[in-house]
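Working notes, beginning with the structure itself.
The values are calculated or read from the model by the stated rules, or taken from the named source; none is laboratory data. Keep in mind that this is a model prediction, so the values were computed, not measured. All Cβ positions, glycine included, derive from the backbone under ideal geometry; neighbour counts span all protein chains shown. Quick note on the areas: whole protein, heavy atoms, side chains included, nothing else; ligands and nucleic acids left out. Shrake-Rupley method; radii C 1.70, N 1.55, O 1.52, S 1.80 Å.
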Amino acid sequence: MTLSWTDSLVIAGYFALNLAIGLYYMRRARGSTSEFFLSGRDVPWWLAGTSMVATTFAADTPLLVTGIVARNGIAGNWLWWNMAASGMLTVFVYARLWRRAGVMTDVEFAELRYSGRPAAFLRGFRALYLGAPINCIIIGWVNLAMMKILQVTLGLDQSGALWTLLAILAFTAFYTTLAGLWGVLVTDLVQFALKMGMVIALAYFSVRAVGGLGALESKIRLLDAAAGSGSRLAFFPAAGSAWMPAITLFVYLGVNWWASWYPGAEPGGGGYVAQRIFSARNERHGLFATLWFNIAHYAVRPWPWILTALASLVLYPTLADKESGYVRTLMDPAVFPPALRGIMLAAFAAAYMSTVGTQLNWGASYIVNDFYRRFVRSRGSEREYVAVSQSVTLALTVASIYVTLHLASIEQAWKLLIVTGAGTGTVLLLRWFWWRINAWSEIAAMSTAAVVSLYLQIARATGVAPIGSLQGELMNAALGCVLVYAALFGVGELLLRSAPVGALLVGVSALSGLAIAKNVDA
């Protein structure tokens, strides 16, 4: 694809806006590590929550969903939809506990919850383990996805795509280093608005190219009939579905959501989700930030991706690489208006930068607050810690490039992260409430999960005030799941099936939201 001068101007304007935001917040970020990593704990819920959503919307996410729909149908998305249950527990049971803990990172909580040398070891080990190798693996697979997009859209070879990626990565590291979390949060807001608007536009033009929603549904049914493997349009798999066996769904809903650690869906909260909770103005803002994140993550974002994925199956049925069908739709002048391609490329850059900016800031917070400050230099000045934080951010950028060059595929990195966190969720959930959980419990869970999983592949004494009625918060978590899933499938029914059923489900979602609002206010 050859960029016109208008496309180049749009892309340049997008980068200039991000740079201006970074420069605006530069002086504020230099004040202290609290400002650099937590924005002075003064972030409103809507900004913190939107930043979480923007972070989980990476450049690879639409491509991943397209591949899932092609292989396993809409029901294949239960691979990540099942995590909504974990998210709602975080909202109503753990969000206020995290905000009440008063720590800078969730890793720091180890020495608040436990004591002695095992607690110190756990804190230091998790800081380095999650902040450096795991963090660089995450950035690495996002880098690979962005290189793939650059190669397909701009016709670059691997070397050209790598150099373009390095330029975007360096720019992201620059404004993140300058402005800290404030810069990340505000750019996330701009980036989310841009990329969400453009994926909706792409879904609209893709469906229109097929002939509308009715034609899309009938053509997908014809493809399914020819394959003889069930319906890709089913929200829930049939017992003998070849697209996604029902037993797999039962495993997701019964085990996976509470048993496995995964960035952005940690059992009980953690990582950058906890960071946004810590940065919120108060407990209430932390709770509503996490609630908005889960609603937007599971009920708002999926359908534009799914509709484009389904349309790409109809438009390019013989395409070998189904994931690339998503990018193919925006490259096809018969589908997507060429005049909007510059904005779409800026949207892909936004998806990439929102994830990488958060990962760099979050990873640096672990290494500086929970290793350097705790074990290397405990009596340094705030200015020194901020300077070290900026240096670590740049070091993580360089390390992520090395990891990117040694990753074979996005799927390889994704599977590696999934298996190393499998089985640790129980300890993370119970450590707040069961006094028998200690530092060695977490150490054993982490090490055993990593060793066993990799092998298979080749509220007592917390120091935090209790939140009140656990029964009531569990009820809110259940209502939150109803809210999210009813909204998710209600929109699906309105788009692809029955308008009355869709309206009913959306109504159920709204009633659940009202019940939650009443309970929280009480």
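Here are some notes:
- Kirkwood-based Rg to Rh ratio, the stretch 292-351, C-alpha trace: 1.02
- Share of Cα-Cα pairs in the stretch 1-58 lying beyond 13 Å, as whole percent: 74 percent
- Heavy-atom accessible area order for Val273, Val403, Val482, largest first, 1.4 Å probe: Val482, Val403, Val273
- Assuming charge only on the beta carbon of Lys and Arg (+1) and of Asp and Glu (-1), the dipole of the chain about its Cα centre is about 840 debye to the nearest 20.
- For the stretch 151-223, the percent of C-alpha pairs falling in each 10 Å distance bin, counted from 0 to the bin holding the largest distance, reads 16, 24, 30, 20, 10, 1.
- Two-site label geometry, Arg27 and Ala395: point separation in nm, points 7 Å out along Cα→Cβ: 3.0 nm
- Overall form of the chain per C-alpha gyration tensor (a/c, 1.5; a/b vs b/c): oblate
- The charge dipole of the stretch 81-195, taken about the Cα centre with unit charges on the Cβ atoms of Lys, Arg (+1) and Asp, Glu (-1), comes to about 400 debye, rounded to the nearest 20.
- Extension gain for Ala238-Leu405 works out to 56.0 nm (0.36 nm per residue, less the C-alpha to C-alpha distance).
- Rg(Cα) / (2.2 N^0.38 Å) computed for the stretch 82-207, rounded to two decimals: 1.42
- Solvent-accessible area, 1.4 Å probe, carbon plus sulfur percent, for the chain: 67 percent
- Each distinct pair of alpha carbons in the stretch 98-166 adds a 1/r term; the inverse of their mean, the Kirkwood radius, is 14.7 Å.
- Set the Cα radius of gyration of the stretch 200-355 against 2.2 N^0.38 Å, with N its number of residues, and you get 1.27.
- A full extension of the chain between Leu319 and Ser381 corresponds to an added length of 16.6 nm, given 0.36 nm per residue minus the alpha carbon distance.
- For the residues Ser365, Ser447, Ser498, a 1.4 Å probe over the protein chains yields an accessible-area ranking, largest first, of Ser447, Ser498, Ser365.
- Put a dot 7 Å past the Cα of Ala517, heading toward its Cβ, do the same for Arg497, and the two dots end up 2.7 nm apart.
- Average accessible surface for the stretch 257-398: 30 Å² per residue, computed with a 1.4 Å probe over protein heavy atoms with every protein chain in place.
- Annotated for the chain: lysine pairs at least 8 residues apart or interchain, Cα distance under 20 Å, count 5.
- Computed over the stretch 61-112, Kirkwood Rh from alpha-carbon pairs, angstrom: 13.5 Å
- Between Leu17 and Ala339, the contour length at 0.36 nm per residue exceeds the alpha carbon distance by 113.8 nm.
- Of Trp5, Gly116, Asn18, farthest towards positive along the dipole that unit charges on Lys, Arg, Asp, Glu beta carbons give the chain: Gly116
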